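Structure first, commentary second.
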Protein chains: 2
Amino acid sequence: MKNDGLFIIENIKPSVDNGKYPVKSEAGTLFKVTATVFRDGHDKIKVNLKHKKKHESHGWESTEMIQINQGLDIWEGSFILLENCLYQYTVEAFTDHFASWLSDTTKKFNAGININSELLEGEILIKNVLNKKSLSKSAVKILTQYLTTITSATNQTEKMKIFSDHRLDELILIHGQKDDLTVHEHIYEVMSDRIEARFAAWYEFFPRSQGNIKGKGSTFKDCIKRLPDIKAMGFNVIYLPPIHPIGKTNRKGPNNSLFSTSKDCGSPYAIGSDLGGHTEVEPALGTIEDFEDFINACISLEMEVALDFAINCSPDHPYVKDHPDWFYKRPDGSIKYAENPPKKYQDIYPLNFRAENSVWKEVWTEMKDVLLFWIKKGVRIFRVDNPHTKPVKLWQWIISELTAVYPDVIFLAEAFTRPPMMRALAKAGFTQSYSYFTWRNFKDEIIEYFTELTQTNVSDYMRANLFANTPDILPTILQTGGRPAFMMRFALASTLSSVYGIYSGYELCENTAIPNSEEYLNSEKYEIKIRDWSAKGNIIDYITKINSIRQTNPALHLYKNLRFHHCDNNNILFYSKSTPDLSNIILIAVNLDPHHEHETNLHIPLEEFYIKEKDSYLLINLLNDEKSIDKGHIKLITLDPDSEPAHIYRLERWSSKEDKFDYFNM
Amino acid sequence: MKNDGLFIIENIKPSVDNGKYPVKSEAGTLFKVTATVFRDGHDKIKVNLKHKKKHESHGWESTEMIQINQGLDIWEGSFILLENCLYQYTVEAFTDHFASWLSDTTKKFNAGININSELLEGEILIKNVLNKKSLSKSAVKILTQYLTTITSATNQTEKMKIFSDHRLDELILIHGQKDDLTVHEHIYEVMSDRIEARFAAWYEFFPRSQGNIKGKGSTFKDCIKRLPDIKAMGFNVIYLPPIHPIGKTNRKGPNNSLFSTSKDCGSPYAIGSDLGGHTEVEPALGTIEDFEDFINACISLEMEVALDFAINCSPDHPYVKDHPDWFYKRPDGSIKYAENPPKKYQDIYPLNFRAENSVWKEVWTEMKDVLLFWIKKGVRIFRVDNPHTKPVKLWQWIISELTAVYPDVIFLAEAFTRPPMMRALAKAGFTQSYSYFTWRNFKDEIIEYFTELTQTNVSDYMRANLFANTPDILPTILQTGGRPAFMMRFALASTLSSVYGIYSGYELCENTAIPNSEEYLNSEKYEIKIRDWSAKGNIIDYITKINSIRQTNPALHLYKNLRFHHCDNNNILFYSKSTPDLSNIILIAVNLDPHHEHETNLHIPLEEFYIKEKDSYLLINLLNDEKSIDKGHIKLITLDPDSEPAHIYRLERWSSKEDKFDYFNM
């Protein structure tokens, strides 16, 4: 039997699983919150959005919420996420007794009813505020003044005029008692990430393959020389597969072969040898100081490094000797290698995150400490390998512990598994997620998947980082579609999401796969590669152009603003991205068929941009700088997969009118 | 840093606001629950649905859940709601180590890999169970037997055969340790109401208007005489507006007039006089014993009484004298009458459910005690007047307190207000709700509204009791459409929902309104009425027929089974209701236009009933007993609003085949 909290406050959005996990947004964003709020009866109510930085000790700030839908009692408020940190928010409501009284009394007065008794009630409401002990002297002074003027007024009209003074209303609202204040029972959280969580272009390369001498691996020093070219293409995150000492026992040979010779460099994912483990650097790449130099070289080019966090240990990893109880054991006491029966991965020992007798605590803590080690070296982005094969709560703990101190650290989940686990990892705190993008090639499936990713509740906690290829995935469309497919898939990756990536070799349209698989033939995972970066047929110019378009058009920096539009050809995908103020409107049409030219009528949603059917507008094809002045919502286009698989237009208003001419109003 | 609960268990359905409020169902229902459940890695898992009666002290029962969608990790389980009471349920999961081991080992064995080490692991798994202290002697015996047989087996094939014995798997599952058991953090509730919460036909009458002498009100004794006729029509709930002493001060005259004479009977909603309040009976109706006789007369006819619970007090109510602090006061100390400015309701004093200094507790408790008083007199259904003008938490408290002891009590919320409040009252515990049915007259709006009511999450907690009319609402469609509209709207109310009602006079097609309003002219709320129940043009036969159809067709006893189907005329609504086992399939087509005959092709969804396009089936029009043998999914029908505004078909399979003939297989 409780008489407090008599308001109903529900349906607070955005929220993830009713507030169980934080929402994600970015610093600089105006964070809008809606809620359904009401009480019984017809009294006037006030609703506030309360918010604070989580790790700040002092109190809550309040901003007033506005009723945006009366019939459904929906209220909306907002605050700016000023910093890169975790914020908390919730909603409170209370009855505005004075406003309720004023509204009722005004109605009666206007209906010619004697309101003598009501006016006395109004005076009592002011007196109640004056009786509050904490009231400031100035408030007492002004309120007393109001009361005196009201009491001395000689007729109801005059009294009502004073009562209706908006400043009185405000004073009472500030100083009066919120006697039936209801605060929602749950505190919600929003992680305000730095902008790069949402907007970035990733480039993945193997540091040992950045040289040009056959059979000789490159070093971090060589990698520094590669940076200007990558920067010139417009990338700003350099993502490196593991850089740690590579195991020798059961080292894999070319094409994942079980047999290797002393010449084979091994897979960097088999981590650890007598030269060290997860906090050491493979000597063939250089020293840890060389790696730090590499980080600094990136920073000086306004780029940053993303490190791979792969938990796999080779049989030679120092953990095996130092902490055998961190691993799974066979009945004979030997350590178990990784399996996916009947497949064996004898070059890898998985850690046991459920190890008994609190040993798991050591394992969890070590994983956190490894990340902390690299954070302290200046790394602020981690791509986590196969997080779905470790407990979700491990990640939830690691990420919340680390981001509490280093909120600028970005974690990308490399999980390609069933949707519930993909979502669970994002909810648990991963800043970004790999996606099914490489397997979504046709119009309907792209629209369905990206509508889910960007327009539903999923977008409140998951950001898809679209990789057009990875060392593990050479998609069928690239194998069969060749160069036009590479251009088309690049255009899609870089414009469907604000954050995307490619793995090096993409710009050279490398597409030789192991037959009947999506694995690269002679994969770089097991071999050192030498490439001719200016090889014929490369699409470096195309990549450079689109990255430059991304950079200069703010609409492409946003993630949730993707909208699909109609066009009458099933081979052409038509969509837009625009800024909330419509100052930047980008229209994108992509030919999904790498083999044939297609023509279509784009149905431009002019009404969404507040452009009338009769108004002219300018379309600038940003890829070739062609301009056209158009009118009406239909535009016929042709997309040739070889030369221009995509059109990226900026739509500009045609606002030239005589009445804007200087002399018009002279 | 927590290592327990490493499973993800989420999205438990049905649930209301993530388990904040109970779901509603009825005793006798197979209650199905689904959840998304998974863990990292590919180990085999077991998922259980745990459930118990809330008010029972002893432990939980478990039923195994089955994975119904592998790609989305969805599991389903169920239990039968045996009793009319509140149940609790939740979901737990754990790793089935033995099954995981067996599956992996079988794969390796089938691939020809040596599994010596794995077989030792299997033996250890059995030994672990044997080491448990609590193990029964018989379990020890059988498990030891298995272990001995395995150890003494001479080759891997033999050992695997024994390990694969399903009884061993079961034994280990029952007795083994669930070392990583995760129980979902929240306990969900489902109120298992009695069937009448879902399936009933209500008839509302004013007990003072059941006589036949002009100017003389009838008594409970007279009402008893009316019961057989109402029973004959097929109703089973008799709902009475308030039966308490009526106030005299500011008593309303005919048509809600502010002036009345001593002859006027007043509105039964102005409750309380010197003759008593909410626990007394208006003497003009008889004594409380007479009322008990009336209840018993209903019971003997297998009907029951629903009482109105209207909290309004007349200025003469005993509360006013005995508890003036329960009411709102004006500055001069007088009690405030009800208002909706500038309108005044001077015959009614509202109670103050927020009265200061804990006085509100007296008011809340008194309301509960009033209901308890009538419950003890045998009343088990209450129609609550205007619950939305009182705190929602008042109802939540009253209903949970009362149903904990009397789970068979049904509460109908008479709220016609904004959707969030309608839903909040249902969530707070109201068994049934009034709805917007009277204002939904056209095809699109009926489909939209009833899809929301019966097919969305709303159906998990709200049951709409469809009143075709009420003393307050004479819908425009009935005013303009006359007798055909009364038949049409009756057919809709009684088949769209499993629970519905009419207010007496409906069967006589009474439809004279105050001009430009939906209020009855000379409303029975303020006057005693005498009616000729056999007046020409009555639709008693039609009502009787449909109630009989409802009674004998189980599909019409269900609420959530409403499905709309296509027909190509916008004036005809076509829908079905069927039992889960499809043993009873009802198809309903209603002409929504009371003024014109309409024809249409019904598109019968044969595939939903597992009837093939080439198969014949029987359609029986239950309203006129006409039969037709049909084939294919198109059926042309004509609906004449005067004679048959609706068709209600039972669809029966035509299963007569030669191979079912006795001699066929001789």
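Residues checked against (1) more than 30 Å from B:N553 (Cα to Cα); (2) within 49 Å of the chain's Cα centre (by Cα); (3) polar (S, T, N, Q):
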{"residue": "B:Y146", "(1), (2), (3)": "yes, no, no"}
{"residue": "B:T151", "(1), (2), (3)": "yes, no, yes"}
{"residue": "B:T157", "(1), (2), (3)": "yes, no, yes"}
{"residue": "B:H166", "(1), (2), (3)": "yes, yes, no"}
{"residue": "B:L173", "(1), (2), (3)": "yes, yes, no"}
{"residue": "B:K178", "(1), (2), (3)": "yes, yes, no"}
{"residue": "B:L181", "(1), (2), (3)": "yes, yes, no"}
{"residue": "B:H184", "(1), (2), (3)": "yes, yes, no"}
{"residue": "B:Y188", "(1), (2), (3)": "yes, yes, no"}
Residue pairs meeting the criteria (Cβ under 8 Å; at least 6 apart or on separate chains; first assigned by TED's automatic domain parsing to the domain that holds B:H596, in the stretch B:466-490; second in a loop (DSSP other than H, G, I, E, B) and among the polar types (S, T, N, Q)): none
Cross-chain or 6+ apart pairs with Cβ under 6 Å, the stretch B:54-73 first and under 30 Å from B:C85 (Cβ atoms), then part of a strand (DSSP E or B) and among the basic types (K, R): B:W60/B:K50; B:W60/B:K52; B:S62/B:K50
Residues of the stretch B:380-407 that turn out to be more than 14 Å from every other protein chain (Cβ to nearest Cβ) and in a helix (DSSP H, G or I), as a count: 2
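Each row is one residue, and each column tells you yes or no for (1) open to solvent by 20 Å² or more (accessible area, probe 1.4 Å); (2) more than 12 Å from chain A (Cβ to nearest Cβ).
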{"position": "B:K2", "(1), (2)": "yes, no"}
{"position": "B:E10", "(1), (2)": "yes, no"}
{"position": "B:K13", "(1), (2)": "yes, yes"}
{"position": "B:L30", "(1), (2)": "yes, yes"}
{"position": "B:V33", "(1), (2)": "no, yes"}
{"position": "B:V37", "(1), (2)": "no, no"}
{"position": "B:D43", "(1), (2)": "yes, no"}
{"position": "B:K50", "(1), (2)": "yes, yes"}
{"position": "B:H55", "(1), (2)": "yes, yes"}
Filter result (away from chain A (no Cβ under 12 Å) and open to solvent by less than 30 Å² (accessible area, probe 1.4 Å)) within the stretch B:15-28: B:V23, B:K24, B:S25, B:E26, B:A27
Inter-residue pairs, beta-carbon under 6 Å, first within 18 Å of B:L351 (Cβ to Cβ) and in the stretch B:388-410, second among the hydroxyl-bearing types (S, T, Y), 6+ apart: B:H388/B:T417
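List the helices (runs of 4 or more DSSP H) that sit entirely inside the stretch B:408-516 and contain at least 2 residues that are buried (at least 20 other Cβ atoms within 10 Å of the Cβ) and among the charged types (D, E, K, R).
Result: B:419-428.
Go through the stretch B:591-636 and give me each residue that's of a type in the set (V, I, T), under 19 Å from B:K577 (Cα atoms) and touching an Asp or Glu at 6+ places or on another chain (Cβ under 9 Å). Break it down into steps so the answer makes sense when it comes.
Initially, the stretch B:591-636 is screened for residues of a type in the set (V, I, T), giving B:600, B:604, B:611, B:620, B:629, B:634.
Among the residues that remain, those that are also under 19 Å from B:K577 (Cα atoms) are: B:604, B:611, B:620, B:634.
Hits for the stretch B:591-636 are B:I604, B:I620.
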From the options A:D308, A:D332, A:D322, residue that is surrounded by fewer than 17 Cβ atoms within 10 Å (Cβ to Cβ), over 29 Å from B:L119 (Cβ atoms) and either modelled with pLDDT of 95 or more or among the charged types (D, E, K, R) (or both): A:D322
Subset of the stretch B:219-234 (residues that are under 20 Å from B:I540 (Cβ atoms), open to solvent by less than 40 Å² (accessible area, probe 1.4 Å) and touching a residue at least 40 places away in the same chain (Cβ under 8 Å)): B:C223, B:L227, B:I230, B:M233, B:G234
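Kindly provide the set of residues from the stretch A:130-151 that are outside any helix (DSSP H, G or I), polar (S, T, N, Q) and either open to solvent by 80 Å² or more (accessible area, probe 1.4 Å) or within 14 Å of another protein chain (Cβ to nearest Cβ) (or both), ordered by number.
A:N131, A:S134 - these are the residues of the stretch A:130-151 that are outside any helix (DSSP H, G or I), polar (S, T, N, Q) and either open to solvent by 80 Å² or more (accessible area, probe 1.4 Å) or within 14 Å of another protein chain (Cβ to nearest Cβ) (or both).
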Residue list for the stretch B:176-199, filter: within 30 Å of B:D408 (Cβ to Cβ), outside any loop (DSSP other than H, G, I, E, B) and not acidic (D, E): B:Y188, B:V190, B:M191, B:S192, B:I195, B:A197
B:L258 being over 30 Å from B:N547 (Cβ atoms), buried (at least 16 other Cβ atoms within 10 Å of the Cβ) and over 33 Å from the mean Cα position of the chain (by Cα): no
Search result, residues across the stretch A:622-666 that are of a type in the set (S, T, Y), closer than 25 Å to A:A589 by Cβ and part of a loop (DSSP other than H, G, I, E, B): A:S643, A:S655
Every pair of residues 6+ apart whose Cβ atoms lie under 8 Å, when the first sits in the stretch A:108-129 and is facing another protein chain (nearest Cβ under 7 Å) while the second is surrounded by 15 or more Cβ atoms within 10 Å (Cβ to Cβ) and aromatic (F, W, Y): A:E121/A:W101
The listed residue being closer than 17 Å to B:D179 by Cα, touching a Pro at 6+ places or on another chain (Cβ under 8 Å) and of a type outside the set (G, A, S), out of B:I113, B:I124: B:I124
Candidate set from the stretch A:340-369 (those that are open to solvent by 50 Å² or more (accessible area, probe 1.4 Å) and under 22 Å from A:N250 (Cβ atoms)); member that is nearest to the other protein chains (Cβ to nearest Cβ): A:P342
Any hit, the stretch A:73-95, residues being under 30 Å from B:M422 (Cα atoms), within 14 Å of chain B (Cβ to nearest Cβ), hydroxyl-bearing (S, T, Y) and not in a strand (DSSP E or B): no
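The values are calculated or read from the model by the stated rules, or taken from the named source; none is laboratory data. Since the structure is predicted, the reported quantities are computational estimates derived from the model, not experimental observations. Virtual Cβ from ideal backbone geometry, glycine too; neighbours counted across all protein chains shown. Heavy atoms of the whole protein, side chains included, go into the accessibility calculation; ligands, DNA and RNA do not. Shrake-Rupley method; radii C 1.70, N 1.55, O 1.52, S 1.80 Å.
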